[in-house]
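Trainee: My questions all concern the structure below.
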Amino acid sequence: MVSDSNHERMKIKKITIISLLILFAFGFNFFNAASSKPAIKRFHTTEELKFLNDSMRRAPIAAGDYFLNSTSCRGCHGPDQAHIGSVDESGNDVNLVERWESSMMANAARDPLWRAKVSQEIITDTAHAALLQNKCTSCHAPMGRYNAKFKGFPYYAVSQINGDSLGIDGVACGACHRIGPSVGLTFSGDIPYDTIHYSGYLQEYGPFMNPQYAPMQLYEGITPTYSLHMDKSRVCSSCHTLITQSTDLNGNLTGGEFVEQATYHEYENSNFPANNIRCQTCHMPAIQDAIQIANGFQGLLPRTPFNQHTFAGANIFMLNMLKNNRDTLGIVVASSKFDSTILATYDLLRNRTIDYHLTLDSVTTDTAFFKVKLQNKAGHKFPSGYPSRRAVVQFVVTDAANDTIFRSGLFDATQRVIGETPSFEPHHDVINQSGVSQIYEMVMGDVNYNYTSILERAANLLKDNRLPPTGFTTSHSVYDTTKISNDALADVDFNKVNTVQGSGADALHFHVSLTGITGAISVRTKVFFQTVPPKFLDEMFTLNSAPINRFRSMYNSADQTPILIASDSLLNVNLNVSTQNQYSSSDMVTVFPTASLDGKVYVTAAFGTLIQSIDVLNANGKFISKTMNTNFQNGLTLNLPFASGVYILRIQTNNKVMYKKVVKV
């Protein structure tokens with residue numbers, strides 16, 4: 001009897017505590033209906049009360065479980081019908097769930113390109129199906145994958161995702177907020193989740209001190225916990241640095257590795273960490289208003305700054321595909337929500353990615369020398385991430401009659417770059433003929449150094465001339481995962497100013513022939529971003545499977561037009577004698593002879609002009625040699641290469657860069 005009595009007292013005590021918590025949570029509004037006083041406006045709507053009552057009947061996370069899907073978070077962190085929580089000081093709804101649910105993060109497990117790519121990899125190397133799916137789902141369906149892992153299942157297949165509310169939730173709330181403080185030391189989908197139940201509760205981490213933990217403990221079985229790491233870039237590191245194991249053409253592991261993407265390490269190899277600019281700064285932009293971050297709880301301390309869960313990146317193409325195929329993909333998010341995310345992504349691409357400027361260096365009687373400068377403003381390479389992504393520079397010159405006299409970087413009707421080298425287009429410093437294009441990209445090569453789009457076959461880096469972030473150097477400790485290919489390294493103004501690394505910029509030079517051209521010319525130049533160029537899909541589209549066929553259908557129906565992110569122009573550039581003299585470098589630097597029999601060329605400078613260095617380039621703009629003026633003389637003697645032909649001298653003076661054309665007879 002004593003034992004039963006104690007049990008009853010404990011039960012009554014527990015019920016009393018829970019009742020008090022519920023009363024606090026609902027602001028004591030349950031008493032309004034029974035009050036004899038005139039009715040006042042209820043704190044909660046009928047719909048909210050129904051949801052909260054349903055939530056009370058749902059058991060919190062059990063001892064053998066590790067994640068809850070986003071539905072469990074929506075009641076408190078979604079839209080507040082009372083318009084008290086999750087609104088800024090101007091009354092705008094800034095709730096977390098609706099910002100997130102139309103992002104690539106929320107739809108990572110539904111992404112039709114990802115599913116098609118996994119299918120392609122499995123068809124190519126069937127023996128590695130389990131290994132491939134474990135790796136891929138670790139970041140695209142992390143809660144489903146790790147829940148299976150923690151429960152002792154050896155692997156987690158893509159086919160399991162649709163029937164798993166955790167897997168289909170993509171990179172949802174718990175996928176990030178369950179990551180433990182040790183994050184930053186493991187990569188390639190090895191996520192350090194905190195799995196310990198402290199006093200019967202799991203912890204989820206957030207960036208605000210002194211969280212009110214009782215409601216989450218009561219309804220979800222989770223303790224909200226402050227941790228410094230949630231406001232650091234390293235919380236993104238586990239998935240945004242991916243190193244894969246390489247195979248040969250027969251699917252045998254070679255023991256080698258390939259860096260498929262290293263966005264986090266690119267960030268580390270920049271000046272952004274030193275300036276306290278984090279991944280969240282751009283991709284989860286903060287507002288300074290004091291925000292009550294949960295709904296339905298009176299007395300919550302407003303929080304600031306408040307990071308919006310927009311997760312804008314660069315993938316406008318895929319966001320549009322998700323929006324336009326919502327029913328097929330099982331997405332219940334309204335089209336207008338995707339429009340908001342696409343608009344935020346446009347803003348990031350157009351306004352905070354690169355600066356782009358066109359200048360006229362000089363004009364001679366037969367050539368106009370132009371320079372376009374691309375300055376990376378992102379905290380990682382541009383483009384970054386998945387290796388299909390690339391940026392294309394378009395450069396078009398027209399004469400006074402509006403006839404095109406020079407073109408570079410144009411797309412055909414299928415959005416392929418016209419004139420692109422079939423294997424891959426090398427990096428260019430100088431472009432002096434139409435049909436040659438500058439493409440900033442990473443290109444994967446197999447064990448035989450042939451182009452491949454198959455991730456597991458990637459064994460050699462054929463090209464990486466993506467624009468580095470400012471502060472990037474080849475001496476940084478993470479350079480082994482963020483390498484630049486040799487063709488870009490040889491470019492004297494790629495990420496360098498006077499040989500000093502870290503500019504985060506590239507100057508691309510166009511030499512336009514003026515033979516037969518009279519009157520004015522106009523130059524228009526643009527930079528386009530391509531998420532998935534047709535070339536990257538050619539290998540995939542030779543195969544057939546349900547995911548590949550579904551993506552092929554969506555892709556063929558999609559608007560594949562590359563995204564314009566920057567442009568500049570010079571209109572009506574007059575080519576008369578006075579203009580030539582205005583831009584000509586002949587009064588500052590003299591080259592003699594311009595046609596050399598023995599290969600010797602003498603370069604002299606006028607008073608007040610100091611020649612600092614001279615680069616010799618071949619007719620295609622490829623770097624051959626450099627001569628430095630170490631003795632500060634007024635002139636230099638160059639020895640051209642032995643082979644006859646046309647060469648270009650890039651002359652760096654104390655006030656500008658100029659180009660001269662010479663011939664080795």
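Every number in this text was worked out from the coordinates using simple rules, so none of it is lab data. Computed from a predicted model, the values in this text were never measured in an experiment. Here Cβ is always computed from backbone atoms with ideal geometry, including for glycine, and neighbour counts include all displayed protein chains.
Trainee: Would you mind computing, in nm to one decimal, how far apart the modelled labels at Val665 and Thr304 are, each placed 7 Å from Cα along Cα→Cβ?
Mentor: Placing both labels 7 Å beyond Cα along the Cβ direction yields 7.7 nm.
Trainee: Relative to a virtual label point 7 Å from the Cα of Ala595 in the Cα→beta-carbon direction, which members of the range 501-520 show backbone nitrogen distances below 19 Å?
Mentor: 514-516
Trainee: Counting only residues 5 or more places away or on other chains, whose amide H sits under 5 Å from the amide H of Val589 once H atoms are built in the peptide plane?
Mentor: It is Ala606, by chain and number.
Trainee: OK, next. Using 7 Å Cα-to-Cβ label points, what is the Gln288/Asn271 separation (nm, one decimal)?
Mentor: 2.4
Trainee: From the phi of every residue in the range 142-156, what ³J(HN,Hα) in whole Hz does the Karplus formula 6.51 cos²θ - 1.76 cosθ + 1.60 yield, where θ is phi - 60° and glycine or proline is x?
Mentor: x, 5, x, 4, 6, 4, 5, 4, 5, 8, x, 7, x, 8, 10
Trainee: Taking R0 as 60 Å, what's the FRET efficiency between Ile123 and Asn654 from their Cβ-Cβ distance, rounded to 0.05?
Mentor: 0.50
Trainee: Could you order peptides 151-161, 343-353 by the average number of other Cβ atoms within 10 Å of their residues, highest first?
Mentor: 343-353, 151-161
Trainee: Would you list Asp289, Asp493, Asp598 from fewest to most Cβ contacts within 10 Å?
Mentor: Asp598, Asp289, Asp493
Trainee: Now, a different point. From the backbone phi of the range 423-432, what are the Karplus-calculated ³J(HN,Hα) couplings (6.51 cos²θ - 1.76 cosθ + 1.60, θ = phi - 60°) in whole Hz, Gly and Pro given as x?
Mentor: 6, 6, 7, x, 5, 10, 9, 10, 10, 10
Trainee: Continuing with the same structure: Per residue of the range 170-175, in order, report the coupling 6.51 cos²θ - 1.76 cosθ + 1.60 (Karplus, θ = phi - 60°) as ³J(HN,Hα) in whole Hz, putting x for Gly and Pro.
Mentor: Once rounded to whole Hz, the list reads x, 8, 8, 3, x, 4.
Trainee: Could you pull out every residue, at least 5 positions away or on a different chain, whose amide H is within less than 5 Å of the one on Ser227? Hs are placed 1.01 Å off N in the peptide plane, and Pro or chain starts have none.
Mentor: Here Gly206, Phe208 satisfy the definition.
Trainee: Based solely on its DSSP helices, what 222 nm [θ] is calculated for the chain when runs of n ≥ 4 H residues each add -39,500 (n - 2.57) and the sum is averaged over all residues, nearest 500 deg cm²/dmol?
Mentor: Calculated from helices alone, the mean residue ellipticity at 222 nm is -7000 deg cm²/dmol.
Trainee: What number in nm² do you get for the chain if you take the convex hull of its Cα atoms and divide its surface by four?
Mentor: For the chain, the mean projected area of the Cα convex hull comes to 38.3 nm².
Trainee: While we're looking at this one, here's another question. Quick one: compute the contact order of the chain, relative version, from alpha carbon pairs under 8 angstrom and 6+ residues apart, as a percent.
Mentor: 11
Trainee: Now for a separate question. Would you pull out the residues with amide H under 5 Å of Lys483's amide H, same chain only if 5 or more places away, H placed 1.01 Å from N?
Mentor: Under 5 Å from the amide H of Lys483 lies no amide H from a residue far enough along the sequence or on another chain.
Trainee: Quick one: if the Förster radius is 56 Å, what FRET efficiency do Gln212 and Lys496 give, using the C-beta to C-beta distance and rounding to 0.05?
Mentor: With R0 = 56 Å, the Cβ-Cβ based efficiency is 0.60.
Trainee: Determine, from the Cβ-Cβ distance of Tyr479 and Asn162 and an R0 of 51 Å, the FRET efficiency 1/(1 + (r/R0)^6), rounded to the nearest 0.05.
Mentor: According to the calculation, E is roughly 0.80.
Trainee: Right, next: Which pairs in the list Lys496/Lys660; Lys381/Lys656; Lys337/Lys496; Lys135/Lys381; Lys232/Lys377; Lys149/Lys483 are over 31 Å apart, alpha-carbon to alpha-carbon?
Mentor: Listed pairs above 31 Å: Lys337/Lys496; Lys149/Lys483.
Trainee: How much length is gained on full extension from Ser90 to Ser644, taking 0.36 nm per residue of separation minus their Cα-Cα distance?
Mentor: 192.3 nm
Trainee: Going through the range 470-526, which trypsin sites (Lys or Arg not before Pro) have at most 16 other Cβ atoms within 10 Å and a DSSP loop state?
Mentor: Lys483
Trainee: Mark the label point 7 Å from the Cα of Asp327 along Cα→Cβ and return the residues of the range 110-145 whose backbone N is within less than 17 Å of it.
Mentor: none
Trainee: Calculate, in nm to one decimal, what Leu564 and Ser423 gain on full extension: separation in residues at 0.36 nm each, minus their alpha carbon distance.
Mentor: Extra length from Leu564 to Ser423 when fully extended: 48.3 nm.
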